[in-house]
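Notes follow once the structure below has been shown.
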């Protein structure tokens, strides 16, 4: 079993291992390994890791026969609370339900630890020293203007498995002067306290919730006016306060119309009538003459009760509609192609669509007589398309020397 090393907390451990036959040759298991084939023990406890959460098996790895990779994510505690912890050793065992070279196998393939070796302890000491150096270097508790620090070239050293760690802080006068300038540019505690008070006023002490007690930020609880109320207020507004040139109020004023000369009003009216292109009396007289001619040609006359031109025009419109109805035309001329299409539809329409209402002397009866009839002595029976309903009967005149029907009545 190989030792993989001492890992930082929440690391991912990757372990390659192989499967071989009795002669040492690479061989694949009976089927590919899966995560459930891995058992992990903590220290010397016989209690296994409860779940396969965080365990990933790649078998075979890179399609190489006999080579496999298991990856263990020590940050995944789902279903295994407290199993992964610093200061502990872990053993990884392969205990598959598959066979290798037809043999049942169990193999301890690797061991690793989580921050449980001297390297971790040294790392902790180094981290503490680094924190001290950072504190001095950042001047969090050191005022270069008043405090005196002897030149320090070495804070200390740590030796061990990782070798030697040396940290140095240079505190010459030049660096102190530069640091002092940097510190003087920082906000004072008083200024920060004022800013925090202002922020609390706006957002509340939790720094998130909007302070609804502030008048500029409190929610508006007043019910807004309805659309109808807004419209009423607009129409009720005095126009006298809205008479700027080009405004709506200036456009709707009526006072100036009262002071305009009557002639100017008439001129405006005449211009409006001209612009509207209304029919003149002469044009209406021409229409009336043409309609009279149509009435003469069609043998119709206007009722003598007409007294106004408006009623005459309405009556003319009704008479014209009646003429179109009587003649069966609405002014649309059917093309030859349309007429031929209609004829085609007539010729191919099945007689069963009309036989129930077709009279005796119709094309429907002729078609039924040809296709759906029989003779018994002098009686000619014509059936409908169902073969049972009698459509019509005819009496035959027979001549024995004929072949053999001589007439139909």
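The values are calculated or read from the model by the stated rules, or taken from the named source; none is laboratory data. These figures come from a predicted structure and were not determined experimentally. Counting neighbours? That spans all protein chains shown, and the Cβs are built from the backbone with ideal geometry, glycine included.
Things worth noting here:
- Segments classed as strands (runs of 3 or more DSSP E), wholly inside segment 303-409, with at least 1 members that are in contact with a strand residue (DSSP E or B) (Cβ under 6 Å, 6 or more places away or on another chain), surrounded by 11 or more Cβ atoms within 10 Å (Cβ to Cβ) and modelled with pLDDT of 90 or more: 373-376, 379-383, 390-398
- Of the residues 360, 355, the single one that is within 60 Å of the chain's Cα centre (by Cα) and in contact (Cβ under 8 Å) with a residue 24 or more places away in the chain is 355.
Matching residues to (1) at pLDDT 80 or above; (2) surrounded by fewer than 12 Cβ atoms within 10 Å (Cβ to Cβ); (3) more than 41 Å from the chain's Cα centre (by Cα); (4) part of a loop (DSSP other than H, G, I, E, B):
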| position | (1), (2), (3), (4) |
| --- | --- |
| 202 | no, no, no, no |
| 208 | no, yes, no, yes |
| 211 | no, no, no, yes |
| 221 | no, yes, no, yes |
| 228 | yes, yes, no, no |
| 232 | yes, no, no, no |
| 235 | yes, yes, yes, no |
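- Segment 1-96 holds no strands (runs of 3 or more DSSP E) entirely within its bounds that carry 3 or more residues that are within 24 Å of residue 116 (Cα to Cα), free of Cβ contacts under 8 Å to residues at least 60 places away in the same chain and not assigned by TED's automatic domain parsing to the domain that holds residue 109.
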